[in-house]
1. Could you check segment 56-77 and list, in sequence order, the residues that are modelled with pLDDT of 95 or more and more than 19 Å from residue 32 (Cα to Cα)?
2. Could you tell me whether any residue of segment 42-57 is touching a helix residue (DSSP H, G or I) at 6+ places or on another chain (Cβ under 8 Å), assigned to a helix (DSSP H, G or I) and either touching a residue at least 24 places away in the same chain (Cβ under 8 Å) or surrounded by fewer than 21 Cβ atoms within 10 Å (Cβ to Cβ) (or both)?
3. Would you mind finding the one in 64, 38 that is part of a helix (DSSP H, G or I) and buried (at least 23 other Cβ atoms within 10 Å of the Cβ)?
4. Please enumerate the residues belonging to segment 80-105 that are touching a strand residue (DSSP E or B) at 6+ places or on another chain (Cβ under 7 Å) and either touching a residue at least 60 places away in the same chain (Cβ under 8 Å) or in a loop (DSSP other than H, G, I, E, B) (or both).
């Protein structure tokens, strides 16, 4: 079990889950900057995400996850807010994409996952955990490209 979890933050986002895909809700900024984030990740991966295996840590309702999948990536999206994951899974019915959404911490996934990821995206998550530095250090030590919103690398 991961101790680097702020359950109040998890519950806050669970309560907002129904509005993840409402482009005029409190998630509007995420929708607005998503193309910029996607393009940055693509640039850092040589201009294409085709065939890349990507982990989206703190995927919420799946805004970035779906964009990554549309670019040809195999995406695993993880989050601890079950309600947001349910919204993400429901949105797959509309988008027709294939994304593996899981309710699991990155630490627990690392213990059970046998395959590695080409890219780990951790955007809009580190400020919602008690020890963002510890989480960043742990993810950046993985053998993959790691992106977070604080330093872009």
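1. Across segment 56-77, the qualifying residues are 72, 73, 74, 75, 76, 77.
2. No, there is no match, as no residue in segment 42-57 is touching a helix residue (DSSP H, G or I) at 6+ places or on another chain (Cβ under 8 Å), assigned to a helix (DSSP H, G or I) and either touching a residue at least 24 places away in the same chain (Cβ under 8 Å) or surrounded by fewer than 21 Cβ atoms within 10 Å (Cβ to Cβ) (or both).
3. 64
4. 80, 82, 88, 104
The values are calculated or read from the model by the stated rules, or taken from the named source; none is laboratory data. In this text, all values refer to a predicted model and were calculated from it rather than measured experimentally. Positions of Cβ are generated from backbone atoms using ideal geometry, with glycine treated the same way; all protein chains shown enter the neighbour counts.
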